[in-house]
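For reference, the structure is listed below as structure tokens.
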Protein chains: 2
Amino acid sequence: MPENEPQDALTSEVTYRPIGVIRTPFSEVAGMPVQSAGAIGIGGRIELDPALVEGLADLDGMSHLILLYHLHRVGPVKLTVHSFFDDRPHGLFATRSPARPVPIGLSVVRLVAMDGPTLEIEDVDMLDGTPLLDMKPYVPPLDDRPGARIGWYEGRLGDPSAVRSDDRFSGPR
Amino acid sequence: MPENEPQDALTSEVTYRPIGVIRTPFSEVAGMPVQSAGAIGIGGRIELDPALVEGLADLDGMSHLILLYHLHRVGPVKLTVHSFFDDRPHGLFATRSPARPVPIGLSVVRLVAMDGPTLEIEDVDMLDGTPLLDMKPYVPPLDDRPGARIGWYEGRLGDPSAVRSDDRFSGPR
């Protein structure tokens, strides 16, 4: 069967080796920010695999990075969840709940400084020790969709920095 | 050693089972769009694992989704690459090249319609049969950073729909 048949996509697992680790002030889930937009100014750093340092060239002049990372402490997946932003339940894929079938987190963080394999960043909303899977330049003309409609989120976001996590999505899977 | 120690993060692989497959008009890499912002209006669909349909509740009213997917046809990783947007070479992590150490693609697509586990979408820039890892609601107040500086991309994006792929990043790893 050709590699790109849908049957194959659903049955073949993919395996990744993290490219680094994210260090943050957060060793516990309770009380941490729930989105990078709610963590503005909170400092952390990326410790990249030193073998990959060559790939950091030309990041200077970029103010923000998209981080993709493995949510290593989330609990069992529930397909209907209570988001931190609403009291009513919602379908998992209509939320940013971390307890997803494939637990990959996405955060846009500020790049502050670089020194070899170490990147100083701000706006961190992940646990200390989080395995980093990928980092991409954040490029608004490619990534933004002005005027996008946001469904149930409309009117419920308020100030994201006022929202803090509890342990509803954490624990052993 | 605690699970969140950096040494552990760099040596422990993560394994994911895709949640569905993305169907698009593109069976070959050459000539396809290189970004969803350069694929506006190109139709495709998501075939979600039927066991996960409950998680789609409350997506109605949302115009755009963030898709994370496994780039299943990319070739060997090079840490210095030639982006489709520039003639000069750049560090891999300062580009959106698909041939990354952890080959996860990110696209913001338009949600057009839903019918059970099938989602009609537009703005697709991935190969037909691409394994879908995650889908998240795109929420501008959480995801956008107006005024972000984009380094070498500045002045080089032009009309992304005028840029088409060749096979420079594809092939067996």
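No lab work stands behind these numbers, since they all come straight from the coordinates. Please read these numbers as outputs of a predicted model, since none were measured by experiment. As a convention, Cβ positions derive from the backbone with ideal geometry for all residues, glycine included, and neighbour counts pool all protein chains shown.
Modelled label positions at residue B:162 and residue B:87, each set 7 Å beyond Cα in the direction of Cβ, lie 1.5 nm from each other. Residues A:72, A:82, ranked from the fewest to the most other C-beta atoms within 10 Å, line up as A:82, A:72. Full extension of the chain between residue B:53 and residue B:149 gives 30.7 nm of extra length, using 0.36 nm per residue less the Cα-Cα distance.
Across segment A:132-143, rounded Karplus estimates of 3J(HN,Hα) from the backbone phi angles (6.51 cos²θ - 1.76 cosθ + 1.60, θ = phi - 60°) give 8, 9, 7, 9, 10, x, 8, 10, x, x, 8, 9 Hz, Gly and Pro being marked x. Taking the label point 7 Å along Cα→Cβ, residue B:63 and its counterparts in the other copies are spaced 2.4 nm apart, in ascending order. Computed log10 I(q)/I(0) for the protein assembly as shown at 0.14 Å⁻¹: -1.19, from the Debye equation with unit scatterers placed on every C-alpha and solvent omitted. Magnitude of the charge dipole for chain B, about its Cα centre and with charges confined to Cβ atoms of Lys, Arg (+1) and Asp, Glu (-1), is about 680 debye. Taking the fewest neighbouring Cβ atoms within 10 Å as the starting point, the ordered list for A:124, A:53, B:108 is A:53, B:108, A:124.
So which GluC sites (Glu not before Pro) in segment A:95-167 pass both tests, a DSSP loop state and at most 14 other Cβ atoms within 10 Å of the Cβ?
Sparse-neighbourhood loop GluC sites (Glu not before Pro): A:154.
Ranking of B:109, B:14 by neighbouring Cβ atoms within 10 Å, starting from the fewest: B:14, B:109. Straight-line cross-link partners of residue A:136 among the lysines, defined as a Cα under 23 Å from its Cα and at least 8 positions apart when in the same chain: B:78, B:136.
Equivalent ellipsoid of chain A: semi-axes from √(5λ) of the C-alpha gyration tensor, largest first, are 26, 23, 18 Å.
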